Amino acid sequence: MNTHNDMTPRAAWMLILAAAAILMITMGARLTTGLFMSPINTSTGLGIARISFAMAIGQFVWGAVQPVFGAVADKWGSAKVIILGAFMLAIGTALTPFVSSQWGLILCMGILSAAGAGAGSFSILIGATAQRLPAERRAFASGFINAGGSFGQFVFAPLMQAIIGGAGWVMAMLTMAAATLLTIPLAWPLRKSAGLAKAGPAASLKPVEAPGIGLGAQIKIALKDPSYLFLHAGFFTCGFHIAFLVTHLPGEVALCNLSPSVSAMALALIGLFNIAGSLSMGALSSRYRMKTLLALLYASRALIIGAYLLAPKTPMTFYVFAGALGFTWLATVPPTAGLVGKLFGVRYLSTLFGLTLLSHQTGAFFGAWLGGLSFVTYGDYTWMWYADIVLALAAALINLPIREAHVARGPALAAKA
């Protein structure tokens, strides 16, 4: 009998809500860093390009640690990883106001904070819940958890901007550091004994995983699968988009001679609308082919960015742009995680999905870094917007040949295409 199938509805909801709350805090901290770009520049005089590079390192590290922490979570449990990450995120965030060099920013924001946030992020949380839930509930759960991250952006962006405006950016950073420690008690429902501590191999049957197969062998199988590599390529583009906007949207707003409150509200709206997008994709992923949903999400981004470039740059334009783009923002996560689970099962989902997030954050590194270089070189972000459009269209196309069975119900979801 499968342990995750024995979980009561109440226990399942506690698990999903705890994971969503953890992601709300860690993503709220990660997705509002752009608000600190100008204050850090004013305080340190380092320049936009060097600060962008430190933040770009953070984007890459956030992704790079996820397969590592995912493997640790698969072996020793998610709760321990999340608690370790909470301390790293809090320490890195609290130390940031007290450094004044690029290397100091790289250490605090680029390594400590980013690695800590990665320990409490998608691959660990979605992997932990997927191993404890029946197949037909996994897509919904990943969408709900993902919505928690979006809600964190909605809450943290205006809150941090208000504190920056009222008490200064140092107090805002320290407040955020304290808030990240709340993930420690929230990790309790995700402890190993709460789910699959005594589950045997039958608890996570996989279409391509032979009984007793090790993590290394499973990774080799996945990396030889073109569909898995196509997912990586599409997710690279997603990371490029998100990191560019999170890091440089406040700068774009400033170039249009608009108030910093416009950028804070736009970031909040992205988070708010992505709650709807994430929940919608989680629900739709159980009814339609996930590769088709991904192609539509990426193609819609190209259209949204094109419309933004043609529109007058008013506060309302930014709000409409934020809402439209926000619906697609991290809505790519549920179908991407769902496809990984559909192709390879859930036993090593934390690791395999963590590897796709590494590709996501490799794209994020270039999105954050090249955004800063574009600003320094050309004085604006025009070429970055063009690159966004091209990459979005390429990502839409590359998802189409992914091998995916037609939608089935219940255990048939795990059938190999």
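Structural remarks
- FRET efficiency estimate (nearest 0.05) - Cβ-Cβ, M171 to A217, R0 56 angstrom: 0.65
- Inter-label distance for S259 and L400, nm, one decimal - labels placed 7 Å from Cα along Cα-to-Cβ: 4.6
- Within the range 291-385, all pairs of alpha-carbon atoms sorted by distance into 5 Å bins from zero give the percentages 3, 11, 15, 18, 20, 14, 9, 6, 3, 1.
- Rolling a 1.4 Å probe over the protein heavy atoms of the chain, with every protein chain left in place, gives an accessible area that is 73 percent carbon and sulfur.
- Averaged per residue, the chain has 37 square angstrom of accessible surface, using a 1.4 angstrom probe with ligands and nucleic acids left out.
- Here the relative contact order of the chain, from alpha carbon pairs under 8 Å that lie six or more residues apart, stands at 28 percent.
- Probe 1.4 Å - accessible area at D380, Å² to nearest ten: 60
- M316 contributes an accessible area of around 120 Å² to the protein surface, as traced by a 1.4 Å probe with all chains present.
- The stretch between R191 and L393 holds 68.6 nm of extra length on full extension. This uses 0.36 nm per residue minus the Cα-Cα distance.
- For volume of the Cα convex hull per residue in Å³, the candidate list reads [x] 116; [y] 138; [z] 128; the entry that matches the value derived from this model is [x].
- Here the sum of -39500 (n - 2.57) over DSSP H runs of 4 or more residues, divided by the residues of the chain, equals -24500 deg cm²/dmol at 222 nm, to the nearest 500.
- The chain: DSSP helices with Cα axial extent of at least 27 Å and average Kyte-Doolittle hydropathy no lower than 0.0: 9-30, 48-76, 135-167, 226-255, 260-284, 290-310, 349-378
- Highest-MSF residue in the chain out of T180, T332, T33 [GNM, Cα springs under 10 Å]: T33
- Take the Cβ atoms of L182 and S43, set R0 to 30 Å, and the FRET efficiency comes out at 0.65.
The values are calculated or read from the model by the stated rules, or taken from the named source; none is laboratory data. As the structure is a computational prediction, the values presented were derived from the model and not from experiment. Note that each Cβ is placed from the backbone with ideal geometry, even for glycine, and that neighbours are counted across all protein chains shown. Accessible surface areas use protein heavy atoms only, side chains included; no ligands, DNA or RNA. Shrake-Rupley method; radii C 1.70, N 1.55, O 1.52, S 1.80 Å.
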